[in-house]
Amino acid sequence: MDMNTSEAIRARRSIRKYQPGAPIPAKHVQQLLEAAMLAPSAVNSRPWEFVVVESSAVKEQLMAAHPYTGMLKTASLAIVVCGRPDLQEGKCGPFWPQDCGAAIENLLLQAVELGYGTCWCGCYPAMERVEALQKILDVTSVPLAIVAVGVPDEQPAPRGFYDPSRVKYL
Ligand SMILES: Cc1cc2nc3c(=O)[nH]c(=O)nc-3n(C[C@H](O)[C@H](O)[C@H](O)COP(=O)(O)O)c2cc1C
């Protein structure tokens with residue numbers, strides 16, 4: 001798909017049905033992760049790390065730990081975006097949730113351009129999800145979101161709304 005940023009922003013929707021078993025080449029996974037890592041971050045601390053889950057068994061465990069991740073059943077993989085508050089200690093913050101949010105949105109938009117669908121599933125600050133995911137993934141960083149990635153098997157229409165009541169000009 002050839003599209004510019006403006007088109008990708010407007011086309012993106014959360015996708016919850018994917019073509020089961022569709023392969024995602026390693027170079028595309030790396031492109032998604034690179035886009036995430038190019039996000040801005042407070043004092044350029046890049047307070048994130050990523051766990052790429054391809055294993056069906058681990059995806060099942062994620063679905064059991066987070067009640068709103070049923071789309072992982074058909075997703076090709078899950079990318080768990082984890083915060084690293086330790087990288088901001090004594091420097092700034094804590095801005096890591098914002099930084100990770102920017103990384104996630106970059107990943108979502110890169111996926112649109114590559115023809116993949118995604119769904120952002122929030123974990124932090126729901127601490128029971130965070131703690132369950134730390135165990136499943138064997139990490140000490142803070143799982144902020146599970147991002148489902150796959151080839152879309154549904155095409156929700158672009159939303160296309162602009163709400164002037166949420167904007168104040170001074
Ligand atoms: C912080 C955050 C947490 C979310 N958590 C979930 C989730 O757990 N499960 C899910 O299916 N969608 C989740 N979503 C997706 C939203 O439901 C979705 O973005 C919203 O309804 C707007 O739809 P759109 O993404 O298609 O524009 C989450 C989105 C954000 C930003």
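Observations
- Which numbered condition residue 22 misses (of (1) in a loop (DSSP other than H, G, I, E, B); (2) free of Cβ contacts under 8 Å to residues at least 60 places away in the same chain): (2)
- Condition met for residue 102 (buried (at least 19 other Cβ atoms within 10 Å of the Cβ), hydrophobic (A, V, I, L, M, F, W, C), in a helix (DSSP H, G or I) and touching a residue at least 40 places away in the same chain (Cβ under 8 Å)): no
- Each residue in segment 59-91 was checked for being open to solvent by less than 10 Å² (accessible area, probe 1.4 Å), in contact with a helix residue (DSSP H, G or I) (Cβ under 7 Å, 6 or more places away or on another chain), farther than 21 Å from residue 154 by Cα and hydrophobic (A, V, I, L, M, F, W, C), and 3 of them qualify.
- Residue satisfying all of: in segment 130-153; in a loop (DSSP other than H, G, I, E, B) and touching a strand residue (DSSP E or B) at 6+ places or on another chain (Cβ under 8 Å); least open to solvent (accessible area, probe 1.4 Å) among these: 141
- Among the residues of segment 104-138, just one is within 16 Å of the chain's Cα centre (by Cα) and among the basic types (Lys, Arg), namely 129.
- Per this entry, residue 162 is not counted among residues that are among the aromatic types (Phe, Trp, Tyr), modelled with pLDDT of 95 or more and open to solvent by 20 Å² or more (accessible area, probe 1.4 Å).
- Taking residues in segment 79-94 that are closer than 23 Å to residue 35 by Cβ and of a type outside the set (Val, Ile, Thr), and partners anywhere that are in a loop (DSSP other than H, G, I, E, B) and modelled with pLDDT under 95, the pairs with Cβ atoms closer than 9 Å and at least 6 places apart or on different chains are 85/93.
- In segment 107-123, the residues that are open to solvent by 30 Å² or more (accessible area, probe 1.4 Å), assigned to a helix (DSSP H, G or I) and either of a type in the set (A, V, I, L, M, F, W, C) or farther than 16 Å from residue 50 by Cβ (or both): 109, 113, 114
The values are calculated or read from the model by the stated rules, or taken from the named source; none is laboratory data. Just so it is clear, the model here is predicted, and its values are computed rather than measured. Every residue, glycine among them, receives a Cβ derived from its backbone with ideal geometry; neighbour counts consider all protein chains shown. What goes into the accessible areas is simple: the full protein's heavy atoms, side chains included, and nothing from ligands, DNA or RNA. Shrake-Rupley method; radii C 1.70, N 1.55, O 1.52, S 1.80 Å.
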